[in-house]
Protein chains: 2
Amino acid sequence: MKIISGGVCAVDGVLASGAQKGKYGVGIIFNEKSNAAAVFTSNKVVAAPVIITKKSIENGHISAIVANSGNANCFTGEKGISNAYHMAKTVSKFFKIDSDDVGVGSTGVIGREMPMEIINPLIDESLKTLENTPEGSSRAAEAIMTTDTFSKEFAVETTLEDGSVAKIGGITKGSGMIAPNMGTMLSYITTDVKASPEELHKALKEAVEQSFNMIIVDGDESTNDMLVIMANGRSGKIDENFQEALNFLCQMLAKMMAKDGEGATKFMEVEVKNAYSIEDARLASKSIVKSPLVKTALFGADPNWGRIVAATGYSGAKMDEKIISVSLKTLKSFLNHELTIETSSDDKNTVKIVDKGNVLAFENTKELSDAEAIMKNKDIKIIVDLGLGQYSATAYGCDLSYDYVKINAEYTT
Amino acid sequence: MKIISGGVCAVDGVLASGAQKGKYGVGIIFNEKSNAAAVFTSNKVVAAPVIITKKSIENGHISAIVANSGNANCFTGEKGISNAYHMAKTVSKFFKIDSDDVGVGSTGVIGREMPMEIINPLIDESLKTLENTPEGSSRAAEAIMTTDTFSKEFAVETTLEDGSVAKIGGITKGSGMIAPNMGTMLSYITTDVKASPEELHKALKEAVEQSFNMIIVDGDESTNDMLVIMANGRSGKIDENFQEALNFLCQMLAKMMAKDGEGATKFMEVEVKNAYSIEDARLASKSIVKSPLVKTALFGADPNWGRIVAATGYSGAKMDEKIISVSLKTLKSFLNHELTIETSSDDKNTVKIVDKGNVLAFENTKELSDAEAIMKNKDIKIIVDLGLGQYSATAYGCDLSYDYVKINAEYTT
């Protein structure tokens, strides 16, 4: 597996572009005649584009995506449905495909009618500038941003068992109310693997469980989330190597979203290991990442193991306070073009602060000063060893800062 | 039912006092030979005083409480147990009762040994100043405060069906990580009703379900929570009138805690009505109160019905976005000695912002400007009508402010 550049356009046959005006943006991605699969928000209130795209995906094909930022087209009644349908129709006409083969995504303010007089020209502009270049992918990624502070793209290639090389590219926008079971997230993945819609859906679900469903910014769940994968079949058949690459790509996109949580100044990765069950590992890691007290301690650079242990205690996971161990570690930054694939867990630079129920990091210990030094970094890993089994899970999140409050107290206008 | 003064000392036969030194405090409450019942945190990590008090309550009697602030005596191993036991022993000797008849409570920092050289003198000082006066109750209430900004006491009296008058008094400390299933909460209730431990437990559980379990500040759950009721049997037999009074008392204590959530500038009460089931009503009301996006909108005085609807949507409660209605209302302040018992829901000063799925409060409407005016107040009620059944529940919470982040980023020291 290798990290490559180009985002969604890393895949041959893909065209992408985007256009912006004020707080509005439109991104378009086209991937020939593709089999497709998707996952959507579990919120009972769903936006018009989610309704449209859920219907489109039923036939197993989606070849183009049109997504806008600035307005969520949610809680907008029949008018919202017809606006979302109009977006799909415009794009399908351009590519001469069925309107059922176009997915629609929206993100932004809820409950306001879509300003089609702004969106329509942005669609036209995007269609005119489509290209299979890194720039095309970047324009699409930038156009769908809302409170994101950086655009999010990633691509990998892997050699399949049949010897052919498959590529996978993705763009995502996150920030907002990222949560497990997906927050305000639009994520679009292209690939050239050969797979049936059912095979794609199975692969996507496995990848999502270890990535997008393990990130938490504030615990709210959006009405608009969707993740679509489109596979054009130019390369070899889907297999385990593809799955591994897709898992990695989704984890990287999810980590970027966690790192860019609203108001975030720090990124945290929480690995819970040796849990009694996989459910326990997931419950505990997500509980820690979600805890406002852990999040504020991260913001304050405080190695507060008490809050970590308490969040494990109320997670619902089986645990024994006499066995639990907690360690902290500085993570290598995974952004800023320093991307590397970690192949094994590197235990150097790890400081144990609780060892089998005994607190090591108390006043005037080396453990406490080492832990405090780690907490001053931007990217931090918390490792909780439950000592009760052999299951592990990792959740991703960020700190809770003054800016989170500021952004969300003043958002609507 | 009538609101009376005196806190826990409103009840004849009760003695209380408290003493403080720096960040440490000790409160003591004595209620003769009492039957008792208690509920505790559901966190799997529990503090030493919780272990001790859980054991003490098994025989159905607790006649005295000793509670300290400044140190949670949690994650403190065998030494912690022996310190908690020592606190109970000191108090039991003074009153010449079994040490099993003393409940112990602690709140404060986790994972540090109890400074008994500070706590012991505070216990002695409290014991020497015990009295059946409002001042005694206030000293106890103040001594157990941590990040609370005001002390919390309440008392009511009610005429029982047998014609006798029963009194109920309570003190509580909240703030911190108040959550459903109880946050860092110590709460002690005295009464003169005649009841078996089983009857008391049943009454307490009913009251807690509608009060302490319906408040949320940040969603974290503490390792130290406990609520103990001690009934000395001087008055008549427990009945429905007592239950009603106990429910009301617990709701008032819980509302005070919600109003005093860490960094809170505003209080919110969320009533979900006409839900399909009582579980649905509770899920939806708690989901709204807990949502960081609703909490920051409250802080920003933004009548953001979209976030309210979205939080209802992901709560798990049955809902239909075409039927849901949302209203806002200014609440009368329930503090500052203006306490009154509301006997019916007063629908004046209520502004409907969503009516059966139709948004009323959009730009340039009277509904929006009225809603914005309501949101500028300190005490706000959100009413969500699901229109699917006949069940209601009310949850209590507060906004999420800059100060919440500040308090919790800098807490440990």
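Report, by residue number, each residue of region B:216-256 that is in a strand (DSSP E or B), away from every other protein chain (no Cβ under 14 Å) and farther than 20 Å from B:Ala72 by Cβ.
Within region B:216-256, B:Ile229, B:Met230, B:Ala231, B:Lys237 qualify.
In region B:295-306, of all residues being closer than 18 Å to B:Val359 by Cα, in contact with a strand residue (DSSP E or B) (Cβ under 8 Å, 6 or more places away or on another chain) and in a helix (DSSP H, G or I), the one that is farthest from the other protein chains (Cβ to nearest Cβ) corresponds to B:Trp305. The lone criterion from (1) more than 14 Å from chain A (Cβ to nearest Cβ); (2) at pLDDT 90 or above; (3) in contact with a Ser or Thr (Cβ under 7 Å, 6 or more places away or on another chain) left unmet by B:Leu283 is number (1).
Only one of these is at pLDDT below 95 and surrounded by fewer than 24 Cβ atoms within 10 Å (Cβ to Cβ): A:Pro121, A:Pro180, A:Pro197. Name it. One residue alone meets the criteria, A:Pro180.
Every listed requirement among (1) over 20 Å from the mean Cα position of the chain (by Cα); (2) within 30 Å of B:Ser211 (Cα to Cα); (3) of a type in the set (Ser, Thr, Tyr) is met by B:Ser92 save one, (2). For region B:307-322, filtering for residues that are in a loop (DSSP other than H, G, I, E, B) and either modelled with pLDDT of 90 or more or of a type in the set (D, E, K, R) (or both) leaves 8. Could you say which residue among A:Ser92, A:Ser82, A:Ser126, A:Ser56 is out of contact with any helix residue (DSSP H, G or I) (no Cβ under 8 Å at 6 or more places or on another chain) and either among the acidic types (Asp, Glu) or in the same structural domain as A:Arg139 (by TED's automatic domain parsing) (or both)? Every option except A:Ser82 fails the conditions.
To keep it simple, each residue is scored yes or no on (1) in contact with a His (Cβ under 9 Å, 6 or more places away or on another chain); (2) small (Gly, Ala, Ser); (3) on the phi < 0 side of the Ramachandran plot.
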residue	(1), (2), (3)
A:Asn358	no, no, yes
A:Glu367	no, no, yes
A:Asp370	no, no, yes
A:Lys376	no, no, yes
A:Asp379	no, no, yes
A:Val384	no, no, yes
A:Gly387	no, yes, no
A:Ala393	no, yes, yes
A:Asn408	no, no, yes
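Residue-level check: of (1) assigned to a helix (DSSP H, G or I); (2) surrounded by fewer than 22 Cβ atoms within 10 Å (Cβ to Cβ), B:Thr149 misses just (1). With respect to B:Leu386, is the statement that it is modelled with pLDDT of 95 or more, in the same structural domain as B:Lys295 (by TED's automatic domain parsing) and surrounded by 14 or more Cβ atoms within 10 Å (Cβ to Cβ) true? Against the criterion (modelled with pLDDT of 95 or more, in the same structural domain as B:Lys295 (by TED's automatic domain parsing) and surrounded by 14 or more Cβ atoms within 10 Å (Cβ to Cβ)), B:Leu386 qualifies. Look at region A:20-44: where a residue is within 14 Å of another protein chain (Cβ to nearest Cβ) and a partner is assigned to a strand (DSSP E or B) and modelled with pLDDT under 95, sitting 6+ places away or on another chain with Cβ atoms under 6 Å, you get A:Phe40/A:Met226.
Here B:Asn224 meets the list (1) crowded, with 24+ Cβ neighbours inside 10 Å; (2) polar (S, T, N, Q); (3) closer than 16 Å to B:Ile168 by Cβ almost entirely, failing just condition (3).
Among residues of region A:140-153 that are free of Cβ contacts under 8 Å to residues at least 60 places away in the same chain, those with a Cβ under 6 angstrom from a residue that is outside any loop (DSSP other than H, G, I, E, B) and buried (at least 21 other Cβ atoms within 10 Å of the Cβ), sequence gap 6+ or separate chain, pair up as A:Ser151/A:Ala141; A:Ser151/A:Glu142. Annotation: B:Asn247 fulfils all but one of (1) touching a helix residue (DSSP H, G or I) at 6+ places or on another chain (Cβ under 7 Å); (2) surrounded by 20 or more Cβ atoms within 10 Å (Cβ to Cβ); (3) farther than 24 Å from B:Leu298 by Cβ; the unmet one is (2).
Would you be able to say whether some residue in region B:259-272 is farther than 30 Å from B:Glu198 by Cβ and among the aromatic types (Phe, Trp, Tyr)? Within region B:259-272 (the criterion being farther than 30 Å from B:Glu198 by Cβ and among the aromatic types (Phe, Trp, Tyr)), the answer is yes, since at least one residue qualifies.
Candidates A:Ile168, A:Ile110, A:Ile118: the one that is among the β-branched types (Val, Ile, Thr), touching a Ser or Thr at 6+ places or on another chain (Cβ under 8 Å), more than 14 Å from chain B (Cβ to nearest Cβ) and in contact (Cβ under 8 Å) with a residue 12 or more places away in the chain is A:Ile168.
Go through the residues of region B:91-101 one by one and say whether even a single one is outside any helix (DSSP H, G or I), free of Cβ contacts under 8 Å to residues at least 40 places away in the same chain and at positive phi. Scanning region B:91-101 turns up at least one residue that is outside any helix (DSSP H, G or I), free of Cβ contacts under 8 Å to residues at least 40 places away in the same chain and at positive phi. Residue count for region A:74-101, restricted to those that are within 17 Å of A:Asn224 (Cβ to Cβ) and among the aliphatic types (A, V, I, L, M): 4.
Of all the residues in region A:107-118, those that are modelled with pLDDT of 95 or more and touching a strand residue (DSSP E or B) at 6+ places or on another chain (Cβ under 8 Å) number 3. In region A:246-288, what count of residues is obtained for those that are under 16 Å from A:Asn213 (Cβ atoms) and touching a strand residue (DSSP E or B) at 6+ places or on another chain (Cβ under 9 Å)? Looking only at that region, the number is 28. Those strands (runs of 3 or more DSSP E) of region B:1-73 in which at least 1 residues are among the hydroxyl-bearing types (Ser, Thr, Tyr), considering only elements entirely within it, cover B:14-21, B:24-31, B:64-71.
Looking only at residues of region A:45-69 that are touching a Ser or Thr at 6+ places or on another chain (Cβ under 9 Å) and within 14 Å of chain B (Cβ to nearest Cβ), we find that the one that is farthest from A:Ser187 (Cα to Cα) is A:Val45.
Checked across region B:390-402, the condition of being more than 9 Å from chain A (Cβ to nearest Cβ) and over 24 Å from the mean Cα position of the chain (by Cα) holds for at least one residue.
The values are calculated or read from the model by the stated rules, or taken from the named source; none is laboratory data. What you see is a predicted model, and the numbers here were worked out from it, not measured in a lab. Every residue, glycine among them, receives a Cβ derived from its backbone with ideal geometry; neighbour counts consider all protein chains shown.
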